[in-house]
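Shown next, in structure tokens, is the structure this report addresses.
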Amino acid sequence: DIDVNDDCIAIKSGKDEDGRRVNRPCEDVLIENCLFRYGHGGVSMGSEMSGGIRNITIQNCVMEADNWAPIRFKCQPSRGGVVENITYRNIQLKDTRKAFEFNMEWRMVNPKPASDPLPVFRNVNIINVTGTVETVGDMHGLKGSPIRNIFFENCDITAKKGFVLDNVENIDLTDLKINVSDGAPIIWKK
């Protein structure tokens, strides 16, 4: 039962050059049967993820009202690193601000030069995620490193505003049902 003034749980693995040098991924983590109350995120990946994050499962959890973004991925172009093979399963959303936030240009204050290679977000499964939110959320990848291979299965979200997608490739929205009261359910930015 977590109620904090930041991300409820943040998965991290090092920052920028030092994180890439040490190169130790956070991997093989199971988070289950949790209640997440107030927080900037439920279970977030990053933003310090330069050593990589992989094979993480979050399941059988409830995200309560005023959690900002229960399913949250964040980094900056300077990070490098790969976030992959992440599964969110059986998640209930109860009046959270967003359902999803994927942002590869998160908090760009005094930005550092982009890493080579750029950070990567890929291979994310979102299964049986249902509930009510203010806005479905957003996925913002990088032009040189789009967010890739996002799969939704049996998801049903009711929101005021839709899902904004920018620099995202190979996303399967077939089994994501979105009910919005204001505007389009899916908004592709160019």
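The values are calculated or read from the model by the stated rules, or taken from the named source; none is laboratory data. All values reported here derive from a predicted model rather than from experimental measurement. We place every Cβ from the backbone using ideal geometry, glycine too, and count neighbours over all the protein chains shown. Accessible surface is based on the protein model in full, side chains and every heavy atom, while ligands, DNA and RNA are left aside. Shrake-Rupley method; radii C 1.70, N 1.55, O 1.52, S 1.80 Å.
Worth a mention:
- Note that segment 105-114 has calculated 3J(HN,Hα) couplings of 10, 6, 6, 7, 9, 6, x, 8, x, 5 Hz, one per residue in order, obtained from phi through the Karplus relation 6.51 cos²θ - 1.76 cosθ + 1.60 (θ = phi - 60°); glycine and proline are x.
- When each of Lys12/Lys98; Lys12/Lys161; Lys74/Lys189; Lys112/Lys161; Lys15/Lys190 is checked by Cα-Cα distance, pairs over 26 Å: Lys12/Lys161; Lys112/Lys161; Lys15/Lys190
- Positive minus negative residues near Arg37 (Lys, Arg vs Asp, Glu; Cβ under 9 Å): -4
- Diffusion coefficient of the chain by Stokes-Einstein, Kirkwood radius over Cα pairs, 4 °C, 1.567 mPa s: 80 µm²/s.
- Spacing of the two label points (7 Å from each Cα toward its C-beta) at Ile186 and Ala65, in nm: 3.2 nm
- Helical content of the chain, expressed as a calculated mean residue ellipticity at 222 nm, amounts to -1000 deg cm²/dmol (DSSP H runs of 4 or more residues, -39,500 (n - 2.57) each, divided by residue number, nearest 500).
- Solvent-accessible area per residue for the chain (1.4 angstrom probe, square angstrom): 46 Å²
- Whole-number percent relative contact order across segment 1-62, with pairs defined as alpha carbons under 8 Å at least 6 apart: 48 percent
- Sites Thr87 and Asn179, calculated FRET efficiency, Cβ-Cβ separation with R0 25 Å, nearest 0.05: 0.55
- Relative contact order of the chain, defined on C-alpha pairs under 8 angstrom at six or more residues apart (%): 16 percent
- Taking the average, over residues, of other Cβ atoms within 10 Å as the packing measure, peptides 90-99, 127-136 rank 90-99, 127-136 from highest down.
- For segment 129-190: relative contact order, % (alpha-carbon pairs under 8 angstrom, 6 or more apart): 37 percent
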